[in-house]
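What follows is one structure encoded as structure tokens, with my remarks underneath.
Since every read-out is calculated from the coordinates, none of them should be taken as a lab result. Since the structure is predicted, the reported quantities are computational estimates derived from the model, not experimental observations. Cβ sites come from the backbone with ideal geometry, for glycine too, and all protein chains shown count toward neighbours.
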Amino acid sequence: MTRFIHLTDLHISHPDADDPVDKSASRDTLERVVGLINAMQPPPDFVVASGDLTNTGHAASYALVRDLLAPLQVPVVMALGNHDLRAEFHAVFETGQGDGPHFHDRVLGGLHVITLDTKVPERVAGAICEAQFADLAQALTQHAELPKLIVMHHPPRIDDSGLLWETVDLASTNRLAEALESANVAGIVSGHIHINRVHHWHGIPVCITSGLDYTVDLLEDYDLRLLEGTTMAVCDHRPSGLSISFVPLSPEQQDLGTIDHAQLLAFR
């Protein structure tokens, strides 16, 4: 089994970033989450942070993200979202990619992890550029024996009922479906819309996690109502498929008691 942690929408701002929104809570949440992950036994194989790493793209904020993630004892895969700025990210993390899309792939925990950059400058909605589709086609030919995990900030578009800014555009969605049609894809992990959701798209499980900043009222179907609430996801990939468990981080839950391990084993 491969276990990984899905984080998204960190929205970190350095105190000197001139961000009009106070993001001290996001900084505190990320620091806490790193401690929680490091305490897991056994440890996960890796962590995914699927975009909106910062709130404004300020270089000092990326340096703070780097420093807050540095204590993690497992590898981290990062994607970029609509709030991120490519040049500043690449400079701080020394990727050598200039101001281009942050496409990359690597093998972790028995999965071939492929990261797409869905950012479109000056837009909230996402897309996948021509160059990345070429890179994706090449990546899909590698490590044929391993299931693929696709990381992308904006999820693919499911139907015409949603708002256009919530996903990558329809053209990117359709082309991605064609590209992945014959691939062994374990799942897609995304963020952006600040809700916890799992659905199947052309037979591929898509895990969207609300993230480390806020969540959205799913019962408000007219306006967008923001609510207190942060979440990470524990993702387990087995030969039978991908399982997702959402872990609420805030608001703090009340302790109602504990059933000890011996009693759990005694239940019949």
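Quick one: which of 158, 150 is crowded, with 24+ Cβ neighbours inside 10 Å and of a type in the set (A, V, I, L, M)?
150 is the lone residue from the list that is crowded, with 24+ Cβ neighbours inside 10 Å and of a type in the set (A, V, I, L, M).
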Exercise for the section: State all residues of region 141-156 that are within 20 Å of the chain's Cα centre (by Cα) and either under 28 Å from residue 87 (Cβ atoms) or acidic (Asp, Glu) (or both); if no residue qualifies, say none. Expected result: 149, 150, 151, 152, 153, 154, 155, 156
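Can you name the residue in region 209-233 that is hydrophobic (A, V, I, L, M, F, W, C) and touching a residue at least 60 places away in the same chain (Cβ under 8 Å) and, of all such residues, is surrounded by the most Cβ atoms within 10 Å (Cβ to Cβ)?
212
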Problem - Residue under evaluation residue 177, criteria (1) closer than 26 Å to residue 150 by Cα; (2) more than 22 Å from the chain's Cα centre (by Cα); (3) not β-branched (Val, Ile, Thr), criterion not met - result: (2)
Problem - Wholly enclosed strands (runs of 3 or more DSSP E) of region 1-84 bearing at least 1 residues charged (D, E, K, R) and either in contact (Cβ under 8 Å) with a residue 60 or more places away in the chain or surrounded by 23 or more Cβ atoms within 10 Å (Cβ to Cβ) (or both) - result: 2-7
Practice task
Tell me, yes or no, whether region 17-34 has at least one residue that is under 16 Å from residue 246 (Cα atoms), touching a Lys or Arg at 6+ places or on another chain (Cβ under 6 Å) and not acidic (Asp, Glu).
Solution key: no
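Taking region 38-96 as the region of interest, how many residues are among the hydroxyl-bearing types (Ser, Thr, Tyr) and within 16 Å of residue 13 (Cα to Cα)?
So the first thing to find is which residues in region 38-96 are among the hydroxyl-bearing types (Ser, Thr, Tyr), and the list is 50, 54, 56, 61-62, 95.
Applying the additional criterion that residues be within 16 Å of residue 13 (Cα to Cα) yields 54, 56, 61-62.
Residues in region 38-96 being among the hydroxyl-bearing types (Ser, Thr, Tyr) and within 16 Å of residue 13 (Cα to Cα): 4 in total.
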Problem - Candidate set from region 116-134 (those that are β-branched (Val, Ile, Thr) and crowded, with 17+ Cβ neighbours inside 10 Å); member that is nearest to the chain's Cα centre (by Cα) - result: 118
Fill in the blank from the handout: Over region 234-268, the set of residues surrounded by 10 or more Cβ atoms within 10 Å (Cβ to Cβ) and of a type outside the set (A, V, I, L, M, F, W, C) is 236, 237, 238, 241, 243, 248, 250, 251
Practice task
Hey, can you tell me all the residues within region 181-208 that are within 15 Å of residue 244 (Cβ to Cβ) and free of Cβ contacts under 8 Å to residues at least 24 places away in the same chain?
Solution key: 195, 197, 200
